Amino acid sequence: MKHNVVRLESIEIRNFKNVKRGSLSFENTRKPYSASILGLYGQNGSGKTALIDALSLLKHLLMGQQIPPKFAECINVDSTQASFCFHFKVRCNAQEPMECAVAYSCSIRKDADESAANMEQAPKWKVTVFNEVLSASFKSDGQKSRFSPLVNTQTDGVFLPVSKFKALVGGKKSTETDLLVAKKLAAATSRTFVFSRELVTMIRRQCKDKALLSLYEALIAYGNFELFIIDTTNSGLISINALPLSFSYEEKGQVSMGSILLQLNGVSLIPESAMAVVRKVIASMNLVLRELVPGLTIEVEELGTQIQENGVRACSIQLMSLKNSKSIPLQYESEGIKKIISILHLLIGVYNRPSMTVAIDELDSGVFEYLLGELLHIIAEKGKGQLIFTSHNLRPLETLDRGFIAFTTTNPENRYIRLTNVKPNNNLRDFYYRDIMLGEQSEPVYEPTNNYDIALAFREAGDTVGS
């Protein structure tokens with residue numbers, strides 16, 4: 001069964017965290033690869049995590065979810081709003097296959113959360129999503145349409161242009177009234193309107209244009225089932241013996257995805273209905289895990305069932321590490337092993353599925369650098385999906401094609417660049433070190449530090465506390 005394939009091609013960010021302006025292409029323009037890999041490198045506080053957070057925002061938008069209040073605090077301190085533009089390539093494999101070039105742009109601002117004004121622990125601020133524009137061009141049977149807006153919310157009405165409004169939701173006055181209310185409700189509840197449940201439901205009911213409907217369905221499915229964001233929260237959970245097991249797998253044409261939080265220092269309760277998923281995920285992970293860490297597998301020890309307060313039957317399980325015929329609780333393995341296990345099923349998905357995108361902040365955290373380099377090399381050479389990661393470990397600079405690597409700069413007005421003047425025989429890791437010292441790029445990639453000043457600061461700090 002053929003499925004839609006969505007690939008995130010580029011991103012533009014303005015006034016988000018420490019990125020005043022930044023644009024980054026995820027495509028390797030040097031030579032064609034089936035996989036799309038982007039490793040982002042740079043010094044601390046230079047915009048790497050901002051990229052992952054922007055992709056996390058995209059997932060919330062495509063899923064039509066309420067935007068968490070934390071994003072209100074991510075707007076640059078010198079601005080009142082942050083703006084984004086995401087570019088996609090979409091291949092719809094419906095009855096009439098077609099390709100689409102898609103752009104989705106929006107802005108967010110921080111508004112007072114009046115609904116929480118009298119609640120002690122409620123967030124003080126909320127996110128308002130506005131200026132949403134979804135544009136596309138279609139190519140089918142050799143014919144290509146002009147790139148134009150499908151939904152432009154920058155109007156006092158529901159959205160423009162009028163021709164696309166009629167094509168997507170029809171021309172009834174009652175429909176227009178209902179959607180105008182939905183648009184205002186979406187703004188009030190920190191949600192997108194373009195991908196809101198109300199608009200999507202109306203499009204599914206009224207849209208007669210199969211191309212427009214297929215595009216919408218492809219983007220929504222991508223946000224719900226194919227886009228995964230793994231931030232540093234996952235590493236924090238692992239350090240306190242909680243394992244976030246993220247998964248996505250396909251069976252009989254149906255995609256299942258999600259994340260299950262398993263306790264490592266004790267027993268976890270898993271709904272009985274989810275046990276089949278856990279077994280499938282771990283079985284597929286073990287096929288790869290035993291090759292990454294020779295002889296190591298994990299297994300689920302089932303300790304019985306019980307009825308929870310909500311009446312749902314749950315299984316008591318404990319994760320075990322099995323090596324050399326000896327079984328120990330997984331909690332006693334290294335953080336690096338637990339980090340690999342927590343993301344391994346997603347990496348399997350990236351290797352096998354063209355439409356899957358996984359973005360991981362600090363991929364190298366706790367992972368042996370040689371293994372990290374080999375993993376990325378294998379996915380880059382033979383994988384099919386898309387992997388976006390940040391890292392401080394420079395080993396991948398020696399194993400990946402340089403078209404897969406980008407860098408942050410010290411200029412907040414131009415945060416992301418690719419290194420230029422790199423010769424085929426240059427070692428990218430050495431070239432990057434040299435550029436840190438000599439500054440040969442169009443933008444500086446490192447804010448210089450002074451060893452003498454650092455040592456003096458340490459001494460002065462010690463004098464302050466009387467050490």
Seminar exercise, completed: Those residues of segment 214-233 that are hydroxyl-bearing (Ser, Thr, Tyr) and open to solvent by less than 40 Å² (accessible area, probe 1.4 Å) come to a total of 3
Exercise. How many residues, within segment 292-314, are outside any strand (DSSP E or B), on the phi > 0 side of the Ramachandran plot and modelled with pLDDT of 85 or more?
Worked result: 1
Seminar exercise, completed: Restricted to segment 164-175 and to residues being within 23 Å of Ser105 (Cα to Cα) and in contact with a helix residue (DSSP H, G or I) (Cβ under 9 Å, 6 or more places away or on another chain), the residue most open to solvent (accessible area, probe 1.4 Å) is Lys164
Exercise. In segment 384-399, which residues are over 18 Å from the mean Cα position of the chain (by Cα), under 27 Å from Ser355 (Cβ atoms) and crowded, with 21+ Cβ neighbours inside 10 Å?
Worked result: Pro396
Exercise. Which of the residues belonging to segment 120-163 are under 26 Å from Leu57 (Cα atoms), assigned to a loop (DSSP other than H, G, I, E, B) and either open to solvent by 70 Å² or more (accessible area, probe 1.4 Å) or among the small types (Gly, Ala, Ser) (or both)?
Worked result: Gln121, Ala122, Lys124, Phe147, Gln154, Asp156, Gly157
Exercise. Within the set of pairs 6+ apart or on separate chains, which have a first residue in segment 124-150 that is in contact (Cβ under 8 Å) with a residue 24 or more places away in the chain, a second that is part of a strand (DSSP E or B) and of a type in the set (Phe, Trp, Tyr), and C-beta atoms under 8 Å apart?
Worked result: Glu132/Tyr104; Val133/Tyr104; Leu134/Tyr104; Ser135/Tyr104
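The values are calculated or read from the model by the stated rules, or taken from the named source; none is laboratory data. Remember, it's a predicted structure, so these values are computed and weren't measured experimentally. Cβ atoms come from the backbone with ideal geometry, glycine included; neighbour counts cover every protein chain shown. Note: accessible area is taken over every heavy atom of the protein model, side chains too, but ligands, DNA and RNA are not part of it. Shrake-Rupley method; radii C 1.70, N 1.55, O 1.52, S 1.80 Å.
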